[in-house]
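Worksheet: one structure, shown below.
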Amino acid sequence: MPAPIRPRRSVLYMPGANTRALAKARELPADGLIFDLEDAVAPDAKIAARAAIAAAFAAGGYGGRERVLRVNPLESPWGEGDLAAAAALPLDAVLLPKVENGETVRQAVARLDALGAPAERALWCMLETPLGVVNAREIAAASPRVAALVMGTSDLTQDLRARETPDRLPLLTALGLVVLAARAFGLAVLDGVHLDLADDDGFAAACAQGRVLGFDGKTLIHPKQIAPANIAFAPGADEVAQARRVIAAHEEAIAAGKGIAVLDGRLVENLHVAAAERTLALAAAIAAREGGAD
């Protein structure tokens, strides 16, 4: 059975050492929260950040938001302790940074099992290096626990020695390869962050491009990015209406004993019906999410 559709339009990184941000996150309309122990936390604050996140979870109040813990690399001084926390906290997933091969995934699974993590504890994998992108298929297939691939576009741009451009042309090959790997193995896939908080138009363009490419949503670095991401990655009213028309046309054709349906001069095939059904399911999941966000 495929996993139920879950909105992941907006997934916000929350610095683990910022207790005010952790508290504020309870009120934000993001679909998901990534409690960050890695890039957003200085080395001398990582242990305290781990404790702050544990305290925030103990206090509760995050509602239906998807809760993900980004740990430090397994080989780092904090990796084992982070995985121990990930095994014990009431999380939806653990986000592994800079994954470059399937063996890293398998090692994380083995450690989580040894630490007593629930069997359903999912893994998300960040692909933020050229080697990680090249090995996206291997990573996606490494374990049934892998549930999502997450683009790390900032590090990837640097490693490629590419330039940041409004159209993200230097990244298109990598973005496409990661989407392909995710879809080949039935995984969710999230686009990378947009760093320029003053560039509203650029952020909107990146969201629109990400949706066209097939991403489920976008990772974010600031609450101001949540609302536009939620709009960009949700089916619009016109899409929902068209999806209903596609399904109705197909049902009418079947009832009439016809082998095919035609809507607005275009052939309607089973693949179009499946896409329409997914659109309606996503719209319903979003409505349920927003109705019970708190």
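When you scan region 109-130, how many residues do you find that are in contact with a strand residue (DSSP E or B) (Cβ under 9 Å, 6 or more places away or on another chain), more than 27 Å from Leu160 (Cα to Cα) and not basic (Lys, Arg)?
4
Looking at this structure, is Ala86 surrounded by 14 or more Cβ atoms within 10 Å (Cβ to Cβ) and either without any contact (Cβ under 8 Å) to a residue 60 or more places away in the chain or under 24 Å from Val189 (Cβ atoms) (or both)?
yes
Given the options Ala232, Ala248, name the one that is closer than 24 Å to Arg70 by Cβ and among the aliphatic types (A, V, I, L, M).
Ala232
Among the listed residues Arg289, Arg211, Arg278, which satisfies the condition of being buried (at least 16 other Cβ atoms within 10 Å of the Cβ), closer than 29 Å to Ala147 by Cα and out of contact with any helix residue (DSSP H, G or I) (no Cβ under 8 Å at 6 or more places or on another chain)?
Just a single option satisfies the conditions, and that option is Arg289.
For region 20-56, enumerate the residues that are more than 22 Å from the chain's Cα centre (by Cα) and under 19 Å from Gln225 (Cα atoms).
Answer for region 20-56, where residues must be more than 22 Å from the chain's Cα centre (by Cα) and under 19 Å from Gln225 (Cα atoms): just Arg20.
What strands (runs of 3 or more DSSP E) lie completely within region 203-293 and have 2 or more residues being in contact with a strand residue (DSSP E or B) (Cβ under 9 Å, 6 or more places away or on another chain) and modelled with pLDDT under 95?
Here the list reads 261-263, 266-268.
Condition (residue is small (Gly, Ala, Ser) and over 19 Å from the mean Cα position of the chain (by Cα)) applied to region 163-184: is it met by at least one residue?
No, region 163-184 contains no residue that is small (Gly, Ala, Ser) and over 19 Å from the mean Cα position of the chain (by Cα).
What residue, among those in region 1-19 that are under 19 Å from the mean Cα position of the chain (by Cα) and among the β-branched types (Val, Ile, Thr), is surrounded by the fewest Cβ atoms within 10 Å (Cβ to Cβ)?
Ile5
Identify all residues within region 193-202 that are in a loop (DSSP other than H, G, I, E, B) and surrounded by fewer than 23 Cβ atoms within 10 Å (Cβ to Cβ); write none if there are none.
Listed by number, the residues that qualify are Val193, Leu195, Asp196, Leu197, Ala198, Asp199.
Going residue by residue through region 73-82, is there one that turns out to be surrounded by fewer than 18 Cβ atoms within 10 Å (Cβ to Cβ) and among the hydroxyl-bearing types (Ser, Thr, Tyr)?
yes
Given the criteria out of contact with any His (no Cβ under 6 Å at 6 or more places or on another chain) and either buried (at least 17 other Cβ atoms within 10 Å of the Cβ) or among the hydrophobic types (A, V, I, L, M, F, W, C) (or both), does Leu190 qualify?
Spelling it out, Leu190 is indeed out of contact with any His (no Cβ under 6 Å at 6 or more places or on another chain) and either buried (at least 17 other Cβ atoms within 10 Å of the Cβ) or among the hydrophobic types (A, V, I, L, M, F, W, C) (or both).
So the check is Cβ under 6 Å with 6+ separation or different chains; which pairs have a first residue in region 177-200 that's under 24 Å from Ala40 (Cβ atoms) and a second one that's hydroxyl-bearing (Ser, Thr, Tyr) and modelled with pLDDT of 95 or more?
Every condition considered, the pairs that remain are Leu190/Thr219; Gly192/Thr153; Val193/Thr219.
Looking at Arg163, Arg121, Arg168, which one is at positive phi, among the basic types (Lys, Arg) and surrounded by fewer than 23 Cβ atoms within 10 Å (Cβ to Cβ)?
Being at positive phi, among the basic types (Lys, Arg) and surrounded by fewer than 23 Cβ atoms within 10 Å (Cβ to Cβ) holds for just one of Arg163, Arg121, Arg168, which is Arg168.
How about region 129-149: which of its residues are touching a helix residue (DSSP H, G or I) at 6+ places or on another chain (Cβ under 9 Å) and either of a type in the set (Gly, Ala, Ser) or buried (at least 24 other Cβ atoms within 10 Å of the Cβ) (or both)?
Gly132, Val133, Ala136, Ile139, Ala140, Ala141, Ala142, Ser143, Val146, Ala148, Leu149
Of the residues Arg278, Arg183, which is outside the structural domain of Ile139 (by TED's automatic domain parsing) and closer than 30 Å to Gly102 by Cβ?
Result of the check over Arg278, Arg183: Arg278.
Listed residues Asp191, Asp238, Asp264; which is acidic (Asp, Glu) and closer than 18 Å to Leu172 by Cα?
So the residue among Asp191, Asp238, Asp264 that is acidic (Asp, Glu) and closer than 18 Å to Leu172 by Cα is Asp191.
Condition (residue is on the phi > 0 side of the Ramachandran plot and assigned by TED's automatic domain parsing to the domain that holds Ala30) applied to region 85-105: is it met by at least one residue?
yes
The values are calculated or read from the model by the stated rules, or taken from the named source; none is laboratory data. What you are looking at is a predicted structure, and each value in this text was computed from that prediction instead of being measured. All Cβ positions, glycine included, derive from the backbone under ideal geometry; neighbour counts span all protein chains shown.
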